[in-house]
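Novice: One structure coming up, written as structure tokens, with questions to follow.
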Amino acid sequence: MPLIKNNNLKKMKLFLLSVILITLGVILSIFVGHRRAYDKENYLVSDVQSKANISIGKVHQTATRNGIKEWNLDAASVDYIDKSNQAIFQDLSVTFYLKDKTKVYLTANQGILKTDSNDIEVLGNVVVKNEYYSLKTENLHYKHNSRIIFSKVPVKISGNSFDFVADSMSLNLITNKTLLEGRVKGTLNEKITL
């Protein structure tokens, strides 16, 4: 009988040793597999970060100079592209604040903000309005340092007492003066005061 007990005890030890070795093998393979997946995940995250593209919905941005608000921008969405210092806005509206406390409103299908200079280019169904006039064009630029809005493509400007079309135009937000260039055509109403 002691031989049978000894034999069963050896079988039991061998079985337990096998279970321990198999368990260690499974734990080791899980650890190695998890480590590979973790390294691959870190590689993917660093790859995305190197491109640094971010998309955000519903955006509001304000530009100030010397503590004075110069413009507000609202958009349905924006894509930030760090490599080119650009923010590309969809369905945007911008409110410019002038020295005389009046406001100029701009809407467009798309806008590109240079994040390093605050210059803006707007494209598609561009409309600029204030209390006196409305301007329509397909492409318009805003130079932040000089506070000038300009277009190098045809524009249509309408007011209560005038209608103009021109090949290009510029509006100085500091002096509040507009310059029309190229083939300028228009109608002045007799109610206009120059």
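Novice: Go through (1) exposed (fewer than 15 other Cβ atoms within 10 Å of the Cβ); (2) part of a strand (DSSP E or B); (3) touching a residue at least 40 places away in the same chain (Cβ under 8 Å) and name the single condition PHE96 misses.
Specialist: Looking at each condition in turn, PHE96 falls short on (1).
Novice: Scanning the range 134-171 for residues that are at pLDDT below 90 and outside any strand (DSSP E or B), which turns out farthest from VAL104 (Cα to Cα)?
Specialist: Out of the qualifying residues, it is SER161.
Novice: Taking the range 102-133 on its own, how many of its residues are in contact with a Phe, Trp or Tyr (Cβ under 8 Å, 6 or more places away or on another chain) and part of a loop (DSSP other than H, G, I, E, B)?
Specialist: Residues flagged as in contact with a Phe, Trp or Tyr (Cβ under 8 Å, 6 or more places away or on another chain) and part of a loop (DSSP other than H, G, I, E, B) within the range 102-133 amount to 3.
The values are calculated or read from the model by the stated rules, or taken from the named source; none is laboratory data. Computed from a prediction, not measured in an experiment: that's the story for all the values here. Using ideal geometry, Cβ is built from the backbone for each residue, glycine included, and neighbour counts are taken over all protein chains shown.
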